[in-house]
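First up is the structure itself, then whatever we jot down about it.
The values are calculated or read from the model by the stated rules, or taken from the named source; none is laboratory data. It should be emphasised that the depicted structure is a prediction, and the values quoted were computed from it without experimental measurement. Cβ placement follows ideal geometry from the backbone for every residue including glycine, while neighbour counts extend to all protein chains displayed. Just the protein is used for accessible areas: all its heavy atoms, side chains included, with ligands, DNA and RNA removed. Shrake-Rupley method; radii C 1.70, N 1.55, O 1.52, S 1.80 Å.
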Amino acid sequence: MIVFLLNTALIARFQKLIAKSPLPTQSTQKSIDDSPIRFTYQSIDFKLDSCETPERHAPETMAGGVAVFDYNNDGKLDIFFANGADIKALQKTSPKYYNRLFENDGKGHFTDVTEKAGLKGTGYDIGVAIGDYDNDGYEDIFVTGVYRNTLYHNNGDGTFTDVNKESGIGQSLGKAWGAMAADVNNDGNMDLFVSNDTVTNFLFLNRGDGRFREAGLEAGVAYSADGRPRSGMGVDAADYDQDGWMDLCLTNVDHEMYSLYHNSHDETFTDEAVANGIASNTVLMSGWGLKFFDFDNDGNTDLFVANGHPDDTIEKRFTNIHYREKLLLFRNVGGSFQHSLENVSAQGGPVFEESFSARGLAVGDFDNDGAIDVLISNNNDAPLLLRNVAA
């Protein structure tokens, strides 16, 4: 499905229509009516709580993972939010810190089914990835957190079970922020790529027997091109150059640049961010949620990134770096790693002119109207659901 409509003369604009906003003027209304794609704001009964304190502990601005998936196979897209915890205990000592699973009724309403599903969580959780790791037809949940990642097996009856020990996931301890699930070696099994903060990133290769092997270092995705650990945050995967193999994208904190990893077809990857323009456009940004999809329907996979600096006091020390940052939209102008990604954010419409303390990002057709919607979680603020109401 087309999320944005682009051609050489026009890039379709996001329109964020918030009910509390003033009524548009005649000229503004005409612009909105003429836009081929529009989005309206819809609230969800959830507020991310990262337990901010005067001490400014590192994880306090890190939480905010969000995923969209059909957890019960009823054909409707549901929502999972990762949440924080008591920062001193690193435990969910209050219901306000619970992770949340919202079931979609298909009519625009979401019901909290977290406790029934067994997904409250226990520690300080950050990111989330979705995938059917055991090929049983039900999507499972992988949650990253401070000192502990958790793999939840979908039991197929609306409940989930923690399988950290059985899967071997629990043996690898890092400082994980983002995660994604994809088959990177074309063996038919879902693998996991996990970004870590200032330590090696993880690539968990699925053995096919319910267990995983960590292979980040040998795959070339553990460190930067010069061998240094970075503040890895958001991750996604897509077959960017249409060669039949899944490639990876990784966001980092400012001055570290983002990475675009090309799959070499042998369980190794090469970082092509500099050649593709990603690096130069993100050197002063801090990225979190990101998603590959073809927004202009030209057959090439494009990229959407939600940004926001992890330190809400950063502007006291730097004039060119901001806590709230703008969204980024990249158009794939070639479909090959020998071509560049064009930053078209400035042409993307009003929502790209605003700044957010964004964390998680997910896309999906929430109301089954055939148009893809965008969901963004914001640190210590309500999530932003951009509903596509294109005619």
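A compact table of results
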quantity: Lone unmet requirement of (1) open to solvent by 10 Å² or more (accessible area, probe 1.4 Å); (2) in a strand (DSSP E or B); (3) of a type in the set (S, T, N, Q) for Asn300; calculated: (2)
quantity: When residues of segment 172-187 are limited to those that are at pLDDT below 95 and part of a loop (DSSP other than H, G, I, E, B), the one most open to solvent (accessible area, probe 1.4 Å); calculated: Leu173
quantity: From Thr200, Thr270, Thr282, residue being touching a residue at least 12 places away in the same chain (Cβ under 8 Å), out of contact with any Cys (no Cβ under 8 Å at 6 or more places or on another chain), β-branched (Val, Ile, Thr) and closer than 19 Å to Gly168 by Cβ; calculated: Thr200
quantity: Tally, over segment 54-69, of residues that are open to solvent by 50 Å² or more (accessible area, probe 1.4 Å) and not in a loop (DSSP other than H, G, I, E, B); calculated: 1
quantity: Subset of segment 152-169 [in contact (Cβ under 8 Å) with a residue 24 or more places away in the chain and under 23 Å from Gly216 (Cα atoms)]; calculated: Tyr152, Val163, Glu166, Ser167, Gly168, Ile169
quantity: Asp140, sole failed condition from (1) closer than 26 Å to Phe204 by Cα; (2) surrounded by fewer than 21 Cβ atoms within 10 Å (Cβ to Cβ); (3) touching a His at 6+ places or on another chain (Cβ under 6 Å); calculated: (2)
quantity: Boolean, Val305 is within 18 Å of Glu342 (Cβ to Cβ) and either in a strand (DSSP E or B) or under 20 Å from the mean Cα position of the chain (by Cα) (or both); calculated: yes
quantity: Test for Asn252: is it more than 12 Å from Gly178 (Cβ to Cβ), open to solvent by less than 40 Å² (accessible area, probe 1.4 Å), touching a Ser or Thr at 6+ places or on another chain (Cβ under 6 Å) and not hydrophobic (A, V, I, L, M, F, W, C); calculated: no
quantity: Number of the exception - Gly208 against (1) without any contact (Cβ under 8 Å) to a residue 24 or more places away in the chain; (2) open to solvent by 40 Å² or more (accessible area, probe 1.4 Å); (3) of a type outside the set (Phe, Trp, Tyr); (4) part of a strand (DSSP E or B); calculated: (4)
quantity: Odd one out for Ala129 among (1) over 18 Å from Gly360 (Cα atoms); (2) open to solvent by less than 20 Å² (accessible area, probe 1.4 Å); calculated: (1)
quantity: Residue within segment 324-340 that is of a type in the set (A, V, I, L, M, F, W, C) and surrounded by fewer than 23 Cβ atoms within 10 Å (Cβ to Cβ) present; calculated: yes
quantity: Filter result (open to solvent by 30 Å² or more (accessible area, probe 1.4 Å) and either of a type in the set (Lys, Arg) or at pLDDT below 80 (or both)) within segment 351-369; calculated: Asp367, Asn368, Asp369
quantity: Every pair of residues 6+ apart whose Cβ atoms lie under 7 Å, when the first sits in segment 220-238 and is hydroxyl-bearing (Ser, Thr, Tyr) while the second is crowded, with 19+ Cβ neighbours inside 10 Å and part of a strand (DSSP E or B); calculated: Ser231/Asp197
quantity: Pairs with Cβ under 9 Å, 6+ apart, first in segment 82-105 and open to solvent by less than 10 Å² (accessible area, probe 1.4 Å), second part of a strand (DSSP E or B) and of a type in the set (Gly, Ala, Ser); calculated: Ala82/Ala67; Ala82/Gly127; Ala82/Gly145; Ala82/Gly360; Ala82/Ser377; Ala85/Gly123; Ala85/Gly145
quantity: Selection count where residues are open to solvent by 20 Å² or more (accessible area, probe 1.4 Å), assigned to a strand (DSSP E or B) and not polar (S, T, N, Q), scope segment 341-350; calculated: 1
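This table checks each residue for (1) at pLDDT 95 or above; (2) of a type in the set (Val, Ile, Thr).
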residue	(1), (2)
Thr61	no, yes
Ala67	no, no
Asp74	yes, no
Tyr98	yes, no
Asp105	no, no
His109	no, no
Thr122	no, yes
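Residue by residue, here is whether (1) under 25 Å from Val363 (Cα atoms); (2) among the small types (Gly, Ala, Ser); (3) open to solvent by less than 30 Å² (accessible area, probe 1.4 Å) holds:
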| position | (1), (2), (3) |
| --- | --- |
| Ala237 | yes, yes, yes |
| Gly244 | yes, yes, no |
| Asp266 | no, no, no |
| Asp271 | no, no, no |
| Ala279 | yes, yes, yes |
| Gly287 | yes, yes, yes |
| Leu290 | yes, no, yes |
| Phe304 | yes, no, yes |
| Ile314 | no, no, yes |
